[in-house]
Structures are given as C-alpha cells and as structure tokens.
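Inspection log for the structure reproduced underneath, given as structure tokens.
The values are calculated or read from the model by the stated rules, or taken from the named source; none is laboratory data. In this text, all values refer to a predicted model and were calculated from it rather than measured experimentally. Here the Cβ positions follow ideal geometry from the backbone for every residue, glycine too, while neighbour counts run over all protein chains shown. SASA here: full protein model, heavy atoms, side chains in, ligands and nucleic acids out. Shrake-Rupley method; radii C 1.70, N 1.55, O 1.52, S 1.80 Å.
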Amino acid sequence: QVQLVESGGGLVQPGGSLRLYCAASLTDFSTYSMGWYRQAQRELVATISSDGRTNYADSVKGRFTISRDNAKKTVSLQMNSLKPEDTAVYYCRAFVNGNYWGQGTQVTVSS
C-alpha cells in the first residue's frame, strides 16, 4: 500500500529556513501529482504535477519551493524567510485513488 513519510521539520527563528522531505512508497511515482499541505484543515501550501507544473498558496509564494526527485521517489519543500504564521504540521499528499497522506511533520517558527 502507499506510504508517505515526512521529515525535516523542527524549530527555527523568523527569517530562517527549513527543508522538508517526503519519501513515497508508490508504484509509478513519476506519474502522480504530489503536494504539501498544513494544519488540521490540510490547507494547500504547494503542489507539483507529474510534468513539473507547480502551484503555491499566495501566503508562501516567493518564499517556498516545491520540487521532486522521481528517481528517489521524494518530494521536497524548501522554506525560506519563515514567518511565525508558517507554524503548523505539514503533510505530504499523493494524488492517487484514495488520496494518501503522510503522518505530518511539525514546523515551529518562533523567536
């Protein structure tokens, strides 16, 4: 079955950076869109399609970058210029039948 495992979260001061990783156990990974969401409501942060098209929430545009490595079956979220408002649990999502989610990784931005 599909498994998504996030890592890279932690505590960082405002203005700092973090890079989140999502490792996917998913057959034909390269054919699926992937995404990052946050908070209990699973608010959109960023998505990336199978052909590399990206979408970002207005609140993170210009600060966050989503990318994927199909050979390693991973999706990353580079977060720069972090703000306290970015504090949340971040979830990895695979756009397959059933819409699979990871367990989440905590990001805390605080001085």
Restricting attention to region 77-86, report how many residues are without any contact (Cβ under 8 Å) to a residue 60 or more places away in the chain and open to solvent by 10 Å² or more (accessible area, probe 1.4 Å).
-> 1
When you scan region 4-30, how many residues do you find that are open to solvent by 60 Å² or more (accessible area, probe 1.4 Å) and of a type in the set (A, V, I, L, M)?
-> 2
Of the residues in region 31-51, those that are hydrophobic (A, V, I, L, M, F, W, C) and open to solvent by 60 Å² or more (accessible area, probe 1.4 Å) come to Ala40, Leu44
Which listed residue, of Ser17, Ser33, Ser49, is in contact (Cβ under 8 Å) with a residue 12 or more places away in the chain and under 21 Å from Gln106 (Cα atoms) = Ser17
